[in-house]
Every structure is written in C-alpha cells, then in structure tokens.
1. With 10 angstrom as the radius, rank A:Thr68, B:Thr112 by how many other C-beta atoms surround their C-beta, starting from the fewest.
2. In percent, how large is the relative contact order of segment B:10-214, given Cα pairs closer than 8 Å and 6 or more residues apart?
3. State the answer as a single residue: which of A:Leu15, A:Ser89, A:Leu5 lies farthest towards the positive end of the charge dipole of segment A:2-126, with beta carbon charges of +1 for Lys and Arg and -1 for Asp and Glu, about the Cα centre.
4. Go through segment B:102-108 residue by residue and turn each phi into a ³J(HN,Hα) via Karplus (6.51, -1.76, 1.60, θ = phi - 60°); whole Hz please, and just put x for glycine and proline.
5. What is the Cα coordinate range of segment B:88-208 on the first, second and third principal axes, sorted by size from largest, in whole angstrom?
6. Semi-axes, largest first, in whole Å: what does sqrt of 5 times each Cα gyration tensor eigenvalue give for segment B:162-202?
7. With the contact rule set at Cα under 8 Å and sequence spacing of 6 or more, what percent relative contact order holds for chain A?
8. Could you work out the Kirkwood radius for segment B:10-214, taking every pair of different alpha carbons, averaging 1/r and inverting it, reported in Å?
Amino acid sequence: MDRLLNVTTFLSLVLLVLVLISVRRAHIRVEYSVTWLAAAVAMLILSRARPLLEAVRQWSGLPDTPLTLFLFGSGIFVLMFFRFSVIISHLRDDNIALAQRLAILEFHLRQTARPEGVEANASAHES
Amino acid sequence: MTRPTGPDSLLVIVPAFNEEGAIASVVSSVRRHLPGVPVLVIDDCSSDNTIPAARAAGASILPLPHHLGLGGCVQAGYKLAYELGYAYVIRVDGDGQHDAGDIPRIFERLKTSGCEMVIGSRFVAENGSRTGTVRWLGIRFFRAVLRPILGKPVHDPTSGFVGVNRRALDVFSRSFPLEYPEIEALVVLQRRAFRFEEVPVTMRPRTTGRSSITGLKSLYYIVHVLLGVFVNVLKYDRRFHRAQRESSRKPALNVATDTAGNTGRDAGPNARPNAGPSADRGVGG
C-alpha cells in the first residue's frame, strides 16, 4: 500500500513539474494547464493524506484503498480527456469555418483584383 | 467565374484532392456538355498539379488553405455558390467516375420536380455500373437503415453525384457533415422535410488515384456514418416535438423559426416548403 502511494506521489510530482515547465515554455496555454495541475495536486494530496483517502473510500463504499485511489485517478483523467475532446471538436469546427472563409475571401479578392480586360477575357474563356 | 445570371443559374462544383490525372478531362467534359455553365474546382490542398490542370481546362479554382476532407471541401463550394447567388449547384467528383453527360438530366429534374436534392443513382435502373462487393454490401446495409428514417427508399445513398437547389444550399452552407457526407446529408435534409429524387446515371471505374475508403477504414466508415445518422435522427425528433408543441400553441401560425433564428416554412419537419426557386432568388446574390 505504501509503495503504491509513494509511486502515485512520485508520478503526481512528475506531472506537476512537467506541466509547469510546459506552461513556462508556452507549450501549453495557461487555461488548459489548470485542469492538469488540479488533477496532479488532487492525486498528490490523496496519496499523502491517508485519512482523507480512507474517508473517500468509506464515502464511496469501495472495498479497499488502492482501488479507491485507482478509480479516483481514472475518473479524473477520463473527465479531462472528455473535456479536451470537446475543446478539440470546437477548435476543429472553428478551424474549418475559418479555412473556408479565408478561401472564399481570397477568391473574391482575386476576382476583384482582376483588371477589367482580364475579367472580360476570363469570363469569355470560362463561359 | 461569371456571376449568376437568370433564375436558373447553375454552378458545377468539383471537389478535388490530388486528382491531376483526371481533373482536366472532368472539367473539359462538363464544359463540353454544358457550355456556358461555370465550373468551380475546390482544391483540398493537393500536393500535385491539380490546380494548374484544372485552370488550364477552364475551371475557376477555390484553393483551400489546408486539407479539410471531403465534407469541408464540398461545403466551401456550397458556401461560395450561396454567397454568389446561384440557384442550383451540381457536384461532380474529380476522379472521373461521373459522366458529365448525365448532368443535364439531373439539372432538368431539379428544375421541374421542385425537389431540394436530386441524386445521380447507379441502381435506379440497370445501367451497367459496377461496384465492388464490399461497397455493394455497404450500400445495401445503408439502404435498409435509411428506408424507415427517410420514409422512402433511396437506391444509391453513397452517391456523390448530387444536385441541390437554393433551399438545400442555404441549409448545407450552414450545416454539412464533414466526413463521409453523402448519407448524413440525406438525414440533414430529412430533418427539414426536404424532398429528394433519384435519377439513373452511369458511373465509370475511377481512372486515377484510389478510394479513401479501403480495408479497416470501411469499418470506421460504417460506424462513423451510423453514429452521424443516429445523432441527426435524435436532433430530428427534438425538432419534431418542438414543432408539434409550437403548432399546438399557435394553430394559426404556419411559419416556424429554426434554431439559427431564420424564419421560413422549412424550419419544422412538418412544414414542407412549397415555394419554387424564386422564393430565394436574390438572397446573397
């Protein structure tokens, strides 16, 4: 049990440091780092505060403490992955709409920028 | 590209991704069968010479800044056509499978039937079109799935040889499935109580390139499309019940409002639009 808690503490610390370094280097935006930091801190606290972990176990009615820790950690990360899937979906939709808008604006610009003679020739050619 | 002129203005769009081998003949064929009709090739960020080949053949080009996939590519064409004010748009694939000689019949049916969508179908009549066994099985499967949803049989739900009028263009320019769009697009139209018809066409084996749906992707395709259909049916039911509630509250009012705040008879599934193309003429043009 102690070994499991120590490993969890170690992994939480690694995650915490990794996220902080990434934020400092601007690899992750601050708003997206908050969830990771909160998850790392929650796991750190649970792995170090045994009475709290025990209270969570009793509250959830689970048979043993390691299982509680495992399910709690899994739950946090599943929720985070879901949140990021939602964010990615929004970003993809926005990205597609922007790309389409950009292409259409460029199309209009090219049409507008054509000198009159070229426009007439192009129209004749196109039709 | 010329601006649309007249109430029956038609634009032929050709979504293309690395189709340098076939695109020139596709564009030339369309121009030969429909002289005077503008052809717009939407290039989905090809890495080959698709753009120069299409331009040399006489098409206008809408180059996308990065690869969006088929749905995003087609929707870009619909958006531009809608903004320019075209009354009808017919989509032809860039790989040479569709015979441009069938376009006039699709166009004629679009104009005369008042349907929002006309599908060029391989299976309405026996016309010698061949398809692989796996694809044939897939088509049979989706026919069975779509039959109760659409309320009528659709023979070739995966066909990309499709013509739409301005009402469908309005819907698709705002909402269009991004991956494997053909089947989901039918359900999107069904939610608006729009109608579709099928016209027999001939399809040739692709002359260059290869299909994007191969091997394991076929399985992904089935799951993806089924999920998309399911989600769209759920949306349909919600809209249906909302429309029912609203109509019971306001029996005299026949004009509903859709989620985007647009008003029109197409907003509710029960409200079938009866206006012709003239109803939308001039919008965005």
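Values quoted throughout were computed directly from the atomic coordinates according to the rules given, and no laboratory measurement underlies them. No experiment lies behind these values; they were computed from the predicted model shown. Ideal geometry is used to build each Cβ from the backbone, glycine not excepted, and the neighbour counts take in all protein chains shown.
1. Ranking A:Thr68, B:Thr112 by Cβ neighbours within 10 Å, fewest first, gives B:Thr112, A:Thr68.
2. Numbers: 405 pairs, mean separation 55.4, N = 205.
Relative contact order, segment B:10-214: 27 percent.
3. Most positive-ward Cα: A:Leu5.
4. Residue by residue, segment B:102-108 yields 7, 4, x, 6, 5, 4, 4 Hz.
5. 33, 30, 26
6. 17, 13, 10
7. 19 percent
8. Working: mean 1/r = 0.0592 Å⁻¹.
About 16.9 Å, per the Kirkwood formula over Cα pairs.
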